[in-house]
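These notes concern the structure reproduced below.
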Amino acid sequence: MGKGEKSALSCFGYPISIFFIVVNEFCERFSYYGMRAVLVLYFKYFLQWDNNLATVVYHTFVAVCYLTPILGAIVADSWLGKFKTIIYLSIVYAIGQVVMSVSAIHDLTDGNRDGTPDNISIHVALSMIGLILIAFGTGGIKPCVAAFGGDQFDESQDKQRSRFFSIFYLSINAGSLLSTIITPILRGQECGIHSQQKCYPLAFGVPAALMAVALVVFVVGSGMYKKVSPQGNIMVQVFKCISFAISNRFRNRSKSIPKREHWMDWAKEKYDDRLIAQIKMVVKVLFLYIPLPMFWALFDQQGSRWTLQATTMDGNFGAMQIQPDQMQTINAILILVLVPIVDVVVYPLIKKCKLNFTPLKRMTVGMFFAAMAFVAAALVQVSIDNTLPTFPTSTQIQVKVINLGTQNLTVNFRETKSNFSMVLDHLQEADYRTLQVSSEMDVNYGNRTEPLIIANLPWALRYTYIISNQNGLSTNWAEDITSKPEQGSNAIRFINNLPETINITVDDTSLGEISPFSFSNYTMQNLGTKKIQGITETGKNCTVDSMKFGFGSSYTIIINECTASMTLKYIEDIQPNTIHMALQIPQYFLITIGEVVFSVTGLEFSYSQAPSNMKSVLQAGWLLTVAVGNIVVLIVAGAAGLGEQWAEYILFAALLVAVCIIFAVMAYFYTYVDPAEIEAQFDADGNKKKEKEKEALGYEIGDGPQSQTKM
């Protein structure tokens, strides 16, 4: 037992200390995935970023989260040890979560109490500080916690250690699943001091609290842990050896100097044969990792593009109302279902059919399934696009006319290439008409013509004109919303068609007094039926239940009568989301199958092909592919500049299919090795016992197929 170690208290053969580690991991994963589940919507709806900027920052954050594990591993193994590294970085992590929660408090800078931050730059700055701290915290402890749990077992407890890792993995999935269900619900609540808004502080605050709990639980178990002292980081040794081999080869590039069998052999002047042979095995696997980031580029868009796609869909599942960010739970649920099915049913059936479905073949199939998931997402996006309204460009306006008079109304549009007229009956409306800068418009009632001056109106907007002949020819107009209501809300407003002023309340929201022949302001209402109450200036009180509102609609409601009841006419300005979120299930199903046969298999393959003391190196390499994949999203989405989202989905699918083919070719020329057999060729000092290294390693990549076991 090394310095710093102690005998572990046990229960049923397991160290009691692992309980604290498992609970810590559950809370930490809840904190991370819960925060990440609502992050892209926070960018879009609170910070008011567009879809592209929200996606860029989201994937940059995820990339940093998967780059920092390398730093965490080096710090833990070289200086602080795993225990102190987890403690210190967990404190950084918890502070970051608290800062994120504070950044989402709209009342922090809402001086005029209108529900909108007056200085959004303060919130952006706090958000970026919080995300940086979280990225270093979660990434830094990622390579430490599982390894620290493994340190708690004696060498004779292999069975218990194996079960611990299964329980550890289960805690990760449980934390992820629960958080992606709960935090979107918290986000959907309304909170605030002076005005009620979507409760992002609570959605970030609960993960912050769970991270604090994770830290406290881990510290409480401090006295029971085995704390192995830092032994030096193998990754540092690997980097030094590779650097020396490259520099030595460069110094000896003369043609007169004999070539060596492998470029790593140029390190033999300084490093022992065993280390060089181990690095050769690692380099072969890392070479295969080169195409893998493209898979993660697609996979991690579940939390960005796919969540944004869900915001334009109908989330009404009968008794349940699903939030857009809750759709990510489908992946976690399917993982728990598909992993045992694939392991217990699918793989054994393939084996019975005598098909050689090796790990690299599985990974190739997984990449193909992920590509098909994006084809499915593109088909869903096309269906959504067909239901979205067309809004005016910077050189256009759109006009809707409503006839509130008792006679028929003729509306004339005179444009450069054509003229257009329409006749509207009493209480009839016309659809939006798109007009150019040079267009003219007038209305006719009997013998009277009233021109409507549109040239001086701000462009790229929608307008509604109302016309009445009850007290002479009267017109009024209002500016309409020019985007889908956010977060599934419904924008409604009222037109008072009564001869007296009326005060309108929708549920608990008062719209104030509306004068005759006037518009109210918009109010945002969520899904369902609302109670509409009106009180006129003469004391008439009328109440009615509204129509059932869906997701993302806009209505202008005409008040025609207020007696015992209220008579209303609904005019749909923007139709509600009609494409159901259930249509996203096929794409989640396909990408989860891809994850099961790609990610799980990739970890197994990496572990089996890594030398005993370099498994952490390949684990770091694997995490690096995730980071690079998120960077690929930024590069491809930015460079492509595609105006249509469905086209971007198809582009990513096509790129992954191309990469999949390249990976299949690379895998075909890969020869599996047995690391234990190769390591057995060396003595305790790292010197080669016999010249069989080439036979064990097989031919290097590029030498062609030399084995019956491929891919």
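Just to check your reading of the model, which residue among T312, T329, T307 is open to solvent by less than 70 Å² (accessible area, probe 1.4 Å), in a loop (DSSP other than H, G, I, E, B) and among the hydroxyl-bearing types (S, T, Y)? Walk me through it before giving the result.
Working: T329 fails: in a loop (DSSP other than H, G, I, E, B); T307 fails: in a loop (DSSP other than H, G, I, E, B).
Matching residue, one of T312, T329, T307: T312.
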Determine if region 152-172 includes at least one residue that is surrounded by fewer than 17 Cβ atoms within 10 Å (Cβ to Cβ), hydroxyl-bearing (S, T, Y) and within 25 Å of R36 (Cα to Cα). yes
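If a residue must be assigned to a strand (DSSP E or B) and either in contact (Cβ under 8 Å) with a residue 40 or more places away in the chain or under 30 Å from T311 (Cβ atoms) (or both), how many such residues does region 545-579 contain? Full working, then the answer.
Going through region 545-579, the residues assigned to a strand (DSSP E or B) turn out to be 545-549, 554-562, 566-574.
Now narrow it down to the ones that are either in contact (Cβ under 8 Å) with a residue 40 or more places away in the chain or under 30 Å from T311 (Cβ atoms) (or both): 545-549, 554-562, 568-574.
Of the residues in region 545-579, 21 are assigned to a strand (DSSP E or B) and either in contact (Cβ under 8 Å) with a residue 40 or more places away in the chain or under 30 Å from T311 (Cβ atoms) (or both).
For (1) at pLDDT 95 or above; (2) not in a helix (DSSP H, G or I), each residue gets a yes or a no:
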{"position": "L349", "(1), (2)": "no, no"}
{"position": "F357", "(1), (2)": "no, yes"}
{"position": "F374", "(1), (2)": "yes, no"}
{"position": "D385", "(1), (2)": "no, no"}
{"position": "T390", "(1), (2)": "no, yes"}
{"position": "V401", "(1), (2)": "no, yes"}
{"position": "G405", "(1), (2)": "no, yes"}
{"position": "L427", "(1), (2)": "no, yes"}
In the set Y289, Y271, which member is under 29 Å from C660 (Cα atoms) and hydroxyl-bearing (S, T, Y)? Y289
Single condition F317 does not satisfy, out of (1) crowded, with 19+ Cβ neighbours inside 10 Å; (2) touching a His at 6+ places or on another chain (Cβ under 9 Å): (1)
Of residues in region 414-425 being closer than 19 Å to R462 by Cβ and assigned to a strand (DSSP E or B), the one least open to solvent (accessible area, probe 1.4 Å): L424
Exclusive hit being under 24 Å from Y33 (Cβ atoms), more than 26 Å from the chain's Cα centre (by Cα) and open to solvent by 20 Å² or more (accessible area, probe 1.4 Å), set V206, V216, V228: V216
Scan V339, V345, V375 and give me the residue that is among the β-branched types (V, I, T) and more than 26 Å from the chain's Cα centre (by Cα). V345
Test: I182 is part of a helix (DSSP H, G or I), β-branched (V, I, T) and over 23 Å from A310 (Cα atoms): no
Pairs where the first residue, in region 162-174, is at positive phi and the second is at pLDDT 80 or above and in a helix (DSSP H, G or I), C-beta under 6 Å, 6+ apart: none
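Is there a residue in region 532-542 that is free of Cβ contacts under 8 Å to residues at least 24 places away in the same chain, surrounded by 14 or more Cβ atoms within 10 Å (Cβ to Cβ) and either touching a strand residue (DSSP E or B) at 6+ places or on another chain (Cβ under 8 Å) or over 19 Å from L404 (Cβ atoms) (or both)? Give the steps one after another, and end with the answer.
Of region 532-542, the ones free of Cβ contacts under 8 Å to residues at least 24 places away in the same chain are 539-541.
Subset that is surrounded by 14 or more Cβ atoms within 10 Å (Cβ to Cβ): 540.
Remaining after also requiring either touching a strand residue (DSSP E or B) at 6+ places or on another chain (Cβ under 8 Å) or over 19 Å from L404 (Cβ atoms) (or both): 540.
Checking region 532-542: at least one residue is free of Cβ contacts under 8 Å to residues at least 24 places away in the same chain, surrounded by 14 or more Cβ atoms within 10 Å (Cβ to Cβ) and either touching a strand residue (DSSP E or B) at 6+ places or on another chain (Cβ under 8 Å) or over 19 Å from L404 (Cβ atoms) (or both).
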I'm told P143 meets every condition in (1) under 26 Å from the mean Cα position of the chain (by Cα); (2) under 18 Å from P207 (Cα atoms); (3) open to solvent by 10 Å² or more (accessible area, probe 1.4 Å) except one. Can you identify the failing condition by its number? (2)
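Please state which one of F239, F250 is open to solvent by 20 Å² or more (accessible area, probe 1.4 Å), aromatic (F, W, Y) and under 36 Å from the mean Cα position of the chain (by Cα). Please lay out each step first, then the result.
Details: F250 fails: under 36 Å from the mean Cα position of the chain (by Cα).
Result: F239 is the single residue among F239, F250 that is open to solvent by 20 Å² or more (accessible area, probe 1.4 Å), aromatic (F, W, Y) and under 36 Å from the mean Cα position of the chain (by Cα).
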Picking from T416, T358, which residue would you name as being among the β-branched types (V, I, T), out of contact with any Phe, Trp or Tyr (no Cβ under 6 Å at 6 or more places or on another chain) and over 30 Å from Y668 (Cα atoms)? T416
Output the residue which, of all residues in region 39-77 that are of a type in the set (V, I, T) and out of contact with any Gly (no Cβ under 9 Å at 6 or more places or on another chain), is farthest from K198 (Cα to Cα). I74
Across region 568-584, what is the total count of residues that are within 22 Å of R433 (Cα to Cα) and aliphatic (A, V, I, L, M)? 2
Of the conditions (1) more than 28 Å from V283 (Cα to Cα); (2) part of a helix (DSSP H, G or I); (3) open to solvent by 60 Å² or more (accessible area, probe 1.4 Å); (4) not acidic (D, E), the single one that I635 does not satisfy is (1)
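Condition check ((1) free of Cβ contacts under 8 Å to residues at least 24 places away in the same chain; (2) acidic (D, E); (3) more than 16 Å from P586 (Cα to Cα)) across all residues:
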position: P291; (1), (2), (3): no, no, yes
position: W296; (1), (2), (3): no, no, yes
position: D300; (1), (2), (3): no, yes, yes
position: Q309; (1), (2), (3): no, no, no
position: Q326; (1), (2), (3): no, no, no
position: N331; (1), (2), (3): no, no, no
position: I335; (1), (2), (3): no, no, no
position: P340; (1), (2), (3): yes, no, yes
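The values are calculated or read from the model by the stated rules, or taken from the named source; none is laboratory data. Keep in mind that what you see is a predicted model, and the values were worked out from it rather than measured. For neighbour counting, all protein chains shown are included, and Cβ atoms are generated from backbone atoms with ideal geometry for every residue, glycine included. Surface accessibility is based on the protein's heavy atoms, side chains included, excluding ligands, DNA and RNA. Shrake-Rupley method; radii C 1.70, N 1.55, O 1.52, S 1.80 Å.
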